[in-house]
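Novice: What follows is a single structure, and I will ask about it in a moment.
The values are calculated or read from the model by the stated rules, or taken from the named source; none is laboratory data. The structure presented is a predicted model; accordingly, all values stated were derived computationally and were not measured. In this analysis, Cβ positions are derived from the backbone assuming ideal geometry, glycine residues included, and neighbour counts consider all displayed protein chains. The area values use the complete protein model at the heavy-atom level, side chains included, leaving out ligands, DNA and RNA. Shrake-Rupley method; radii C 1.70, N 1.55, O 1.52, S 1.80 Å.
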Amino acid sequence: MMASSLPPPLAPILIGISTKMYFDLPTTTKYISSLSNPPSPISLFIIPSFPALPAAQQLLADKNRLAQHSQFCPILLGAQNCHHEDTGPFTGEVSPLMLKQLGCSIVELGHAERRASPFHETDEMITLKAQAAIRNGLVPLICIGERARSAVASESVGVAIRECSAQIKAILDAVPGDRELIFAYEPVWAIGAEKPALSYHIATVVGQLKQSVQGREGAVRWLYGGSAGPGIWEDLKGAVDGLFLGRFAHDVGNVEMILKEISKAR
Ligand SMILES: O=C[C@H](O)COP(=O)(O)O
């Protein structure tokens with residue numbers, strides 16, 4: 001089954017929030033209600049748990065209608081995963097076709113928590129899901145990142161580039177070159193930590209990875225995730241196109257601070 005529509009265009013700067021499985025349903029709806037539409041040129045997207053998607057879609061439709069014809073951008077909806085088939089005998093799985101029908105623009109794939117035990121998602125599985133996302137008019141947001149921080153500081157960038165390059169290559173080899181992709185660079189050791197990776201590490205790794213998509217027709221966006229919060233945008237000085245936020249976005253005040261930081265830096 002093919003979905004014909006293309007995803008809506010994304011603004012040059014992307015700020016994403018995944019609530020993972022932290023929030024229950026009332027907390028998710030309260031949280032989404034408290035988010036403000038971001039100023040241009042920022043696309044803010046929220047990725048709640050699957051059961052919250054219909055309520056989130058309704059809340060965002062109302063917010064986005066009010067923001068129409070203003071300098072504020074819509075808040076987009078995403079999902080945390082999908083199956084690689086659109087329909088079929090896959091009990092307990094979620095169809096990318098239904099995610100599109102529910103108003104999602106983005107689907108997150110291959111998060112470190114899904115590459116790890118007990119899900120053990122491989123690059124092959126993530127690639128099939130990325131193809132399914134694109135087939136259904138969703139932008140795949142593929143999480144990449146090295147598993148461990150190298151014990152030898154001088155080797156940490158090389159280790160990261162080696163592991164991430166393999167994850168990226170699997171996707172680039174399999175999806176049409178003219179479709180938009182988002183890669184979220186999330187060193188596994190920086191997820192759920194006290195502090196993000198050092199800006200130097202992020203900027204050097206992402207700078208190097210960008211070379212692997214040079215000349216690709218479809219836009220590729222690079223986000224940083226892993227204990228990201230206020231302050232990091234300024235430190236990264238344009239090394240990435242956006243941030244993928246987890247726990248530090250639970251306080252909406254932090255999201256507002258990051259949006260202000262971005263506006264100030266422009
Ligand atoms: O999906 C988001 C990332 O895994 C970051 O999560 P975190 O900021 O809570 O470490």
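Novice: Yes or no: the stretch 188-204 includes at least one residue that is in a helix (DSSP H, G or I), more than 17 Å from His111 (Cα to Cα) and out of contact with any helix residue (DSSP H, G or I) (no Cβ under 7 Å at 6 or more places or on another chain). Steps first, answer last, please.
Specialist: Filtering the stretch 188-204 down to residues in a helix (DSSP H, G or I) leaves 188-190, 199-204.
Imposing the further condition that a residue be more than 17 Å from His111 (Cα to Cα) reduces the set to 199-204.
Checking the rest, the ones that are also out of contact with any helix residue (DSSP H, G or I) (no Cβ under 7 Å at 6 or more places or on another chain) come to 200.
Looking for residues that are in a helix (DSSP H, G or I), more than 17 Å from His111 (Cα to Cα) and out of contact with any helix residue (DSSP H, G or I) (no Cβ under 7 Å at 6 or more places or on another chain), one finds at least one in the stretch 188-204, hence yes.
Novice: Going by the conditions given, is Ser36 over 17 Å from the mean Cα position of the chain (by Cα) and more than 18 Å from Leu141 (Cβ to Cβ)?
Specialist: Against the criterion (over 17 Å from the mean Cα position of the chain (by Cα) and more than 18 Å from Leu141 (Cβ to Cβ)), Ser36 qualifies.
Novice: Among the residues of the stretch 217-266, which ones are β-branched (Val, Ile, Thr), under 18 Å from Cys143 (Cβ atoms) and away from the ligand (no atom under 15 Å from the Cβ)?
Specialist: Val220
Novice: Hey, another quick one. Please list, ordered by first then second residue, the pairs with beta carbon atoms under 6 Å, 6 or more apart or interchain, first in the stretch 221-249 and on the phi > 0 side of the Ramachandran plot, second among the basic types (Lys, Arg) and within 14 Å of the ligand (Cβ to nearest atom).
Specialist: Ser227/Lys195
Novice: Please enumerate the residues belonging to the stretch 215-266 that are surrounded by fewer than 19 Cβ atoms within 10 Å (Cβ to Cβ) and polar (S, T, N, Q).
Specialist: Within the stretch 215-266, Asn254, Ser263 qualify.
Novice: Go through (1) among the hydrophobic types (A, V, I, L, M, F, W, C); (2) away from the ligand (no atom under 16 Å from the Cβ); (3) under 23 Å from Phe183 (Cα atoms) one by one and return the number of the condition Leu76 breaks.
Specialist: It fails just one condition, (2).
Novice: Report yes if Ala56 is assigned to a helix (DSSP H, G or I) and within 16 Å of the ligand (Cβ to nearest atom), otherwise no.
Specialist: Working: assigned to a helix (DSSP H, G or I): yes; within 16 Å of the ligand (Cβ to nearest atom): no.
When the stated conditions are applied, Ala56 does not pass them.
Novice: Specify the residue that is most open to solvent (accessible area, probe 1.4 Å); the eligible residues are those in the stretch 158-195 that are farther than 23 Å from Ile17 by Cβ and among the basic types (Lys, Arg).
Specialist: Arg162
Novice: Okay, moving on. Working only within the stretch 200-214, note down all residues that are touching a residue at least 12 places away in the same chain (Cβ under 8 Å) and open to solvent by 30 Å² or more (accessible area, probe 1.4 Å).
Specialist: Once the filter is applied, which keeps residues that are touching a residue at least 12 places away in the same chain (Cβ under 8 Å) and open to solvent by 30 Å² or more (accessible area, probe 1.4 Å), the stretch 200-214 yields Ala203, Thr204, Gly207, Gln208, Lys210, Ser212.
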